[in-house]
Amino acid sequence: MTHASRSYWRKLDNAAKLFPAMSNRKDTRVFRFYCELKEEIQEEKLQQALDKLLLKYPMFLSVMRKGLFWHYLEKSDLRPVVCPEYKEPCSNLYVRDKKDLLFEVTYHHNRINFEVYHALTDGTGAAEFVRELVQIYLSLVHPKDTLSHDSHTKEKGHSVEHERDSFAQYYTKDFKRQKRKKTKAYQIRRPNKELGNLQITELEVPLEALQRRCRELGVSMTVFVTTVFLCAIHEEMSHFQEMKPVVMMVPVNLRKFFPSESMLNFFNFIEPGYKFGEGNDSFDDVLEHVKKDFLSKLTKEKMAQRMNEYMALEVNPILRFAPLELKNICINAGAKTSSWDTTAIFSNMGAVEVAEEYAPYIQRFGVYTSTPKMELCMCSFQDLIYFGFTSRYDSTKIKQNFMNILKKQHVISELLEPDYPENVEERFPERNVLKGFTYFCMITALISLGMDYLSDSLLQVSIWITGGVASMWLTFMIGFLKRHNLLKNAMWQLLIITLGCIVWDVETGWHRWSVDFVLPITSIVILVTMLAIIRVRKHPPREYLIYLIMASVYGALLPTALALSKIVHIFLPTILCVGFCFLFLLDLIWRKSREFKEEMIKKFHF
């Protein structure tokens, strides 16, 4: 983290830089780690436990901010409030322009849910957070049972290690790039293009039975489960579909290769796969192929190679200086292209271990994630393993195939019945507002066109009405999309109103009213509006400085340029606007010089 008396922020790690560009309402990049106890949850005690744990991990009290070249995380005064579960699992946590915490702790009966946005931490960090949260909670609920967990509130000295960017720590420039030939993988068919609600299926498997079978076959559990998953998918493929391989994305915890105590993202992945239809495709054949795939790809050298390649992209001078919006477009395009290289995802979170005195109170741990593909997450607690399937399209047959193959391998699985609240928030209620307003604008434009046609008018009133409706729709849409940040909304409205009026002026004969009056008056009004919002909302300088600077620079430079170009005919409004904005900018920089410098460092960091 970068420290200052008024500023506390940090850059995103290499993996986290991708998530703000890639996440959306359908692919939230949120995952849930949960713990089921053998007793009902006490909300007050859970809140106390969370507050204590955050003393050790203050990095979680951050909000996502947007810079010119990269997103970054900034310390927030917001505090999480524990509440009953109220929405679909793995729903959006990161909403653009909305300054909210990137994690949430809820509960339902005897279950504690921890949901986190992937840019904040990875599966290893989330598992550690939940484990410690549960232990602190139990020590508060059962103080007479010699459960003590005071150490968690004293370990503040490790916060630097928790927030270390291990990607940057282990990055080296001395590596040779390797060209990887990738083939398009088989994609599980979807009933339609629209992704539905998140489907969650959980299985329970005896750890001893799975370990015994893996020992008999001479493979690790990750290799075995990957093979089962590949074969389960293959059973739903046609002969024609076997032309493409089934490829699994398997995240790898880099802490196993490079020592790190970081709670930030520190993972990579390998892509084991198998091309069916070229042999007898028996389970043993697929298992042997996957085993070799893991042995060849899962090495320290290969992990370092791939990690260095991704870091090299981040530190590339050309890419570093590319504007954030351009980076986002490229990241999105790259993500969509690379998604065709894999069929599904399997993530092994490993064993969750707690101190012996806490185990009798715990039923199980579980994990699953939101993903546009089908994903399988796995974790274990004591003598049981728990699998969590998630997808946004029908994949029931694949899950059933998975269970059947396990049974053939002498591993019995039990289907768990998920328990979720009956009444949850609607996923995207705002879409109804947007659709309704869009339909209203379209109907208005069509009616005006129809009336114009029937009246055979030479005035072409429909053109004016349609143009006005289109302007109103654009203003409303921007206002609605930027509703979470009123200052940014005001800046957008300044651009839309002034530039839109200039276009109208040009199209209606260029009478210069847009540059003589609208531009200077609107610039002053928007700047005064921003000041009113700041006073009412009591925003700190870091929340408003950048928008005041942009608005004042816009109101000073653009009218000046138009006046010097002799485009402006009536100079008084322009002179008043330029003078007001210029003096306001100087006063702002003078009074807030320290905050101004800090804000520029954050916004322009490479």
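Near Phe267, the amide H atoms lying under 5 Å from its own belong to Leu254; only residues 5 or more places off or on other chains count, and H is placed 1.01 Å from N.
Each residue of region 434-446 was assigned a 3J(HN,Hα) from its phi angle through the Karplus curve 6.51 cos²θ - 1.76 cosθ + 1.60 (θ = phi - 60°); the sequence is 4, 5, x, 5, 4, 4, 4, 5, 5, 5, 4, 5, 5 Hz, with glycine and proline shown as x.
Surface calculation, 1.4 Å probe, protein heavy atoms: Glu208 sits at approximately 100 Å² accessible.
For region 485-493, 3J(HN,Hα) computed residue by residue from phi via the Karplus equation (6.51, -1.76, 1.60; θ = phi - 60°) reads 9, 5, 5, 5, 4, 4, 5, 5, 5 Hz, glycine and proline entered as x. The residues of the chain present an accessible area of 49 Å² per residue when probed at 1.4 Å with all protein chains retained.
Across every direction, the projection of the convex hull enclosing the Cα atoms of region 466-606 has a mean area of 9.7 nm². Proximity of backbone amide H atoms, modeled 1.01 Å from N, is registered between Ala351 and Ser380 at under 5 Å, excluding neighbours fewer than 5 places apart on the same chain.
Accessible surface of Met403, taken over heavy atoms with a 1.4 Å probe and every protein chain present, rounds to 40 Å². Normalising the average separation of contacting C-alpha pairs (under 8 angstrom, six or more residues apart) by the number of residues puts the relative contact order of region 27-88 at 25 percent. If you average the alpha carbon positions of region 363-399 and of region 83-106, how far apart do those two centres end up, in angstrom? For region 363-399 versus region 83-106, the Cα centre distance is 20 Å. Using Cα atoms only, what is the angle between the long axis of helix 43-56 and the major principal axis of the chain, expressed in degrees (0 to 90) to the nearest 10? Helix 43-56 sits roughly 80 degrees off the main axis of the chain. Here is the list for region 305-350: chymotrypsin sites (Phe, Trp or Tyr not before Pro) lying in DSSP coil, each with at most 16 other C-beta atoms within 10 angstrom of its C-beta, are Phe321. Here Ser296 sits with roughly 50 square angstrom of accessible surface, probe radius 1.4 Å. Taking only protein heavy atoms and a 1.4 Å probe, the accessible area of the chain is 60% carbon and sulfur. When the alpha carbon coordinates of region 236-311 are projected onto the principal axes, the ranges are 46, 20, 20 Å, largest first.
Pairs exceeding 25 Å between alpha-carbon atoms, taken from Lys52/Lys99; Lys99/Lys603; Lys52/Lys256; Lys302/Lys408; Lys181/Lys275: Lys52/Lys256; Lys302/Lys408.
Need one number: the % of Cα-Cα pairs in the chain sitting beyond the 47 Å mark. Roughly 26 percent, once rounded to a whole number. Remark on Val568: its backbone amide H falls under 5 Å from those of Ala563, a criterion applied only to residues 5 or more positions apart or on other chains, H modelled at 1.01 Å from N.
The values are calculated or read from the model by the stated rules, or taken from the named source; none is laboratory data. Since this is a predicted model, take the numbers as computed values, not measurements. Heads up, the Cβs are rebuilt from the backbone with ideal geometry, glycines too, and the neighbour counts pull from every protein chain shown. The area values use the complete protein model at the heavy-atom level, side chains included, leaving out ligands, DNA and RNA. Shrake-Rupley method; radii C 1.70, N 1.55, O 1.52, S 1.80 Å.
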